Amino acid sequence: AREPVARLGNPVAIVERLFYAFKLVQAGVFFAWWAAHGSLVPTATPLGPRGLALVTIVLGQALNAAVFYRLGRVGAFFGDRLGYRTAWCEGFPFSVMAHPQYVGAVLTIWGLFLLMRFPDDDWFLIPTVETVLYGAGALLEGRPSRAAPRCAAT
């Protein structure tokens, strides 16, 4: 409603832009870590961990896609908290876990670092930090009983 902010778009569009900006920063950190500690191509990861990495990445991205499918753009970018009407969401993946988008992101990060840095000694450092950060985000967001995710209106 305030003129300088309103020029940036509606509240959901602003949150969406912030989300993508954060993802760019996150990807920059990952690439910088990989470049500083090795290379920008996967290490000689043994076949077993490489397969686990790929499965973990696919599972994480599937959870993220399911969240966006279930919530829609407005729901995924906190539209319900920004004054938009959305329906309650109890379907998959919310029927299985409280914060599937966070879980999907963390699984993807673990898979990427398992693929890119394993068996090097530092492969788990960034994923551990990211897990703590996403866990804190989930705690701050609240339990689903108080702040249940909402589905896209059909």
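The values are calculated or read from the model by the stated rules, or taken from the named source; none is laboratory data. Source: prediction; values computed, not measured. FYI the Cβ positions are ideal-geometry reconstructions off the backbone, even for glycines, and counts take in every protein chain you see. Each accessible area value is taken on the protein alone, full model and side chains, heavy atoms only, with ligands, DNA and RNA left out. Shrake-Rupley method; radii C 1.70, N 1.55, O 1.52, S 1.80 Å.
Quick notes
- If the condition is being modelled with pLDDT of 90 or more, among the polar types (S, T, N, Q) and out of contact with any helix residue (DSSP H, G or I) (no Cβ under 8 Å at 6 or more places or on another chain), then the range 27-57 contributes no residue at all.
- Criterion violated by Phe124 - all others in (1) modelled with pLDDT of 90 or more; (2) touching a helix residue (DSSP H, G or I) at 6+ places or on another chain (Cβ under 6 Å); (3) not polar (S, T, N, Q) satisfied: (2)
- Count of residues meeting criterion [under 14 Å from Ile14 (Cβ atoms), part of a helix (DSSP H, G or I) and of a type outside the set (Gly, Ala, Ser)] in the range 67-87: 4
- Failed criterion for Leu112 (all others in (1) more than 21 Å from Ala138 (Cα to Cα); (2) within 14 Å of the chain's Cα centre (by Cα); (3) surrounded by fewer than 13 Cβ atoms within 10 Å (Cβ to Cβ) hold): (3)
- Cross-chain or 6+ apart pairs with Cβ under 8 Å, the range 7-35 first and under 17 Å from Leu82 (Cβ atoms), then part of a helix (DSSP H, G or I) and hydrophobic (A, V, I, L, M, F, W, C): Leu8/Ile14; Pro11/Leu82; Val12/Val74; Val12/Leu82; Ile14/Val5; Val15/Leu82
- Test result for Glu141, open to solvent by 60 Å² or more (accessible area, probe 1.4 Å), among the charged types (D, E, K, R), out of contact with any strand residue (DSSP E or B) (no Cβ under 7 Å at 6 or more places or on another chain) and modelled with pLDDT under 90: no
- Pairs with Cβ under 6 Å, 6+ apart, first in the range 53-73 and more than 12 Å from Ala105 (Cβ to Cβ), second at pLDDT 95 or above and open to solvent by less than 20 Å² (accessible area, probe 1.4 Å): Ala53/Gly111
- Residues located in the range 40-78, provided they are open to solvent by less than 50 Å² (accessible area, probe 1.4 Å) and over 17 Å from the mean Cα position of the chain (by Cα): Thr43, Thr45, Pro49, Gly51
- Single unsatisfied condition, Ser95 versus (1) at pLDDT 80 or above; (2) surrounded by 13 or more Cβ atoms within 10 Å (Cβ to Cβ); (3) polar (S, T, N, Q): (2)
- When residues of the range 6-18 are limited to those that are of a type outside the set (D, E, K, R) and open to solvent by 60 Å² or more (accessible area, probe 1.4 Å), the one modelled with the lowest pLDDT: Leu8
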